[in-house]
Structures are given as C-alpha cells and as structure tokens.
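The values are calculated or read from the model by the stated rules, or taken from the named source; none is laboratory data. These numbers come from a predicted model, not from an experiment. Glycine gets a Cβ as well: all are built from the backbone with ideal geometry, and neighbour counts include every protein chain shown. Quick note on the areas: whole protein, heavy atoms, side chains included, nothing else; ligands and nucleic acids left out. Shrake-Rupley method; radii C 1.70, N 1.55, O 1.52, S 1.80 Å.
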Amino acid sequence: MSRKNLNIIRPLSLKYVLVLFFLTGSIFTTITAQTNNFTEYSGEVIDADSKKPLVFATLTINNTNVTTITNSEGQFSLKVPKEYLSNNLTISFLGYKTKQIAISQLELEKNKIVMDEFVVALAEARIDAPNDAEALVKETLDRKGDNYLDENTVMTAFYRETIKKRKTNVSLSEAVVNIYKTPYSSKKTDALELYKARKSTDYSKLDTVALKLQGGPFNTLFVDMVKYPNYIFTEETLKYYDFSFNTSTRVNDQLIYVIDFKQKPEIIDPLYNGKLYIDAKNKILTSAVYSLNITDKRLASQMFVRRKPKNAEVWPTEVSYRVDYREKNGKWYYGYSNVLLEFKINWDKRLFNSVYSMSCEMAITDWEKNIDNSIPKSKDRMKSSIILSDEAIGFADPDFWGEYNIIEPEKSIESAIKKIQRQLRKDKSGSGTAAR
C-alpha cells in the first residue's frame, strides 16, 4: 500500500520562542487557612492498597460547581466558601469507586482520602461492545449537542505553565482566567479574559537560553476535542486512524468503553495515538489521553519551534495531551486538560545536548450560567498569540490568589519559589524597590 501525505487541518501546536533567559524558577506554598469568607484544606488522594498517589483525581463540592484536581503527586488544595462548609465532597477517579465524605471530615482524616479501585469483572471486561469502534467515536462526537452543556457559561479556570531543564525548574507562569464558553453545539470560539497572572522572574534580567510559550491558556483550551474536534478528529481525518476496543473500566460507577486509536501505517503526516474513554450507555467522551507522532524530527521541529539560535538544532521528543470532562445534572463539560512537550537542543561545538520540558495545564474551578450572554470587549479578550510570561507580574504577594482555587504545586516547584522569594527579598533590600 502506498504511503500518503494529507491535506488536512494541522493540529494545534504549542509555539515557542528561544530567547536569552536566566535559569531559575518559582511558585508559592499553600497551607490550611481560614478567613471570613472561606476555609482552605490541603491533602492528598491515594490508592487504598498501594498507598500510591492518584494523579488528576477530581474533587467537587456537592450541589455546587466548585471543583479542584490533584496534582502529579496526588495532592490537592481546596478553598471552601463558608456557605458550603456543611456540604459533602465527591471524589472521583477513573477506574475507582466514587467516594463522598463530609467536608468537615477532612480534618478528621488528616486530609488523606483513600480510594478503592473498581475491580472490573471478567464478564464486564468482555462486554458485548459494538463491532465498529470508529463508528462509536463518530457517534460520540456527533451527540455533543445532546450530552454536553447547551447553554452559555462563564467558567473560572486556574492555568499554569512551567519549563524545566532536565529536572530543574526554569520558569513558571500562572493565571486565573475567565472562559466565556459557548454551547457545545455552537461553532463559535470561546472567549478568554485574563483576570490575574504572575510569573517566576523578569526576562529582561536573564542571560542564557530558554523558552517562552506562545498561546498560553489557548493551548489547553483547544485540547477540548468535543468542542474543537478540528484539531484532531474531523469527518475526513477519522478514516486515517485505526480504532480498536481495549479492556473496559468504570468511572462514577458507569461502564466505560476504552478505545485505542493510532494513525494508519500508510499515513506519512504526523497524527495522534492514544485512548478514548467513552460512557457505554450514553455515548459520552469522559476523558482522552493521546500523543502526537513525532518520528519525523524535521517536520516536528517546524511545527513547534518558531525561532532558535543559529548554532542549535531543536526538536521535540514527546508531545502529549490529556483532557477530562465533568458531569453536572446530566450534562458534561470541559474540566481539565494538560499538554507536555519534551525536546532536545543540540549545540554546535558542544559535547552534551540540553533537554527541556514544557508543560501547561488548566482546571475549571467554578462556573455559572451566562444568562445575558455577556462577553468581554475585544480589547479585553486574550489573544491566541499571548505570551503569558510577558503579561504577568512577579511573585512578591503571598496572598495573591485570595479565594480562588488553584492546582496544588508540586514539591519541586515549592522548593523553587522559596529560592526566588529569598532573591526577591535580597533584591528589594539592596535596591529599595520591589522586584518584578
């Protein structure tokens, strides 16, 4: 069979600019705290048997839209408005039994939430799944108007982007973003408004090579493949993939089909491979984990590197994506997504190469109906070309986020913020002015 080049819509690509830049990193620490308006809880979600952390578990305050998610170490931070302190908390994780506890019980359990794995019976693992996995994927995408939010909403989201050189934090930017989300049946693009943002350092003081991420929160927003299928699955591109059924699982006690997909071997242009998790009863995409085929180094570099030093060769070694959806009153909506890019830089006349990773993630922490369909004025909307690290301010204010829920930082990033905060205090005492 002949190999084919495709004339298709290209996938959304994170765009990077290599610039002069000092190697450092930063973030803030979180503690259990109480104010007049909210109580903050920090803890972790773990497996009952192995005690291993559960990454990207969802925690939702019952009868509200207030939500958070565990980080890559299974830890969470949740700010509970005082009017919800008597509510229950629902914790869910793919393949585990959904758990509910009283918010007041968090302190009693030392904020350690133990989850039991849902053991899929052999009969369920071999359920009578549809014969055509591709047809199921198409039906799922076609039913988005029935199964996903069909009204205008305003979502509050926490966004973070980080850059690491090998395992060392290099750069960090964070933001609270308002997303003016249109119904899933609408072809209108969601509007984003930057509410608060901060960054790790001032690029004007930096003096060695690193990166900037162009697009900011749009990179994570467009991973919502139900709302934006053109970035991965269209009626035309579906035929370029092979789809097959994997062992089924459960989420929120609902049976979930697991579908593997990969590009056909005769296709040359880079497409994707990964897993789709589809509610068996209602044909709803609940989660997706996938990566880009980057076997062609030259083409991959063209897709992701906008500018680089002349004496360097740069190419990605991994590009991966994840998106999770949440349910409220029978309707599903975008809840969380992340993107990871790892790449190498080969320098002329240098023995060793540089290895960097760039990641960004966004989680919906609250939302409400946009009854009057208000949207920010054009001048107030975020542009898809935004470089967040150029827009944000520094990390000097420890109470910067106030009542907004955030994704708990990793220990490695907590350590980095302590270093930058010490440097900020040193700079301030030395110059008499606050560092940006």
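Observations on the model:
- Under the Karplus curve 6.51 cos²θ - 1.76 cosθ + 1.60, θ = phi - 60°, whole-Hz ³J(HN,Hα) for the stretch 356-361, x wherever Gly or Pro sits: 10, 10, 10, 9, 9, 8
- Evaluating 6.51 cos²θ - 1.76 cosθ + 1.60 at θ = phi - 60° for every residue in the stretch 281-288, the Karplus couplings come out as 7, 9, 6, 10, 6, 9, 6, 8 Hz, glycine and proline recorded as x.
- Of Lys187, Lys344, the residue with the largest accessible area leads and the full order is Lys187, Lys344 (1.4 Å probe).
- Extension gain from Arg143 to Glu117, taking 0.36 nm per residue of separation minus the Cα-Cα distance: 6.4 nm
- Extending 7 Å from the Cα toward the beta-carbon at both Lys51 and Lys297 defines two label points whose distance is 4.4 nm.
- Computed 3J(HN,Hα) for the stretch 336-345, one whole-Hz value per residue from the Karplus formula 6.51 cos²θ - 1.76 cosθ + 1.60 where θ = phi - 60°, is 7, 8, 8, 9, 10, 10, 10, 8, 10, 10, glycine and proline marked x.
- Backbone amide hydrogens, once placed in the peptide plane, bring Asn152 within less than 5 Å of Asn370, excluding anything fewer than 5 places away on its chain.
- Alpha-carbon spread of the stretch 292-357, three principal axes, descending order, Å: 61, 20, 20
- A convex hull fitted around the alpha carbon atoms of the stretch 151-195 yields 92 Å³ per residue.
- At the residue level, Glu414 shows approximately 40 square angstrom of accessible surface with a 1.4 angstrom probe and all protein chains present.
- For Thr39, the residues 5 or more places off, or on other chains, whose built amide H falls under 5 Å of its own are Val80, Lys82.
- Point-to-point label distance, Asp242-Asn353, nm (Cα→Cβ direction, 7 Å offset): 2.8 nm
- Rolling a 1.4 Å probe over the protein heavy atoms of the stretch 204-289, with every protein chain left in place, gives an accessible area that is 45 percent carbon and sulfur.
- If the chain linking Lys188 and Ala135 were pulled fully straight, counting 0.36 nm for each residue of separation and taking away their Cα-Cα distance, it would gain 16.5 nm.
- In this calculation the C-beta distance from Glu235 to Glu410 is compared with R0 = 30 Å, giving a FRET efficiency of 0.15.
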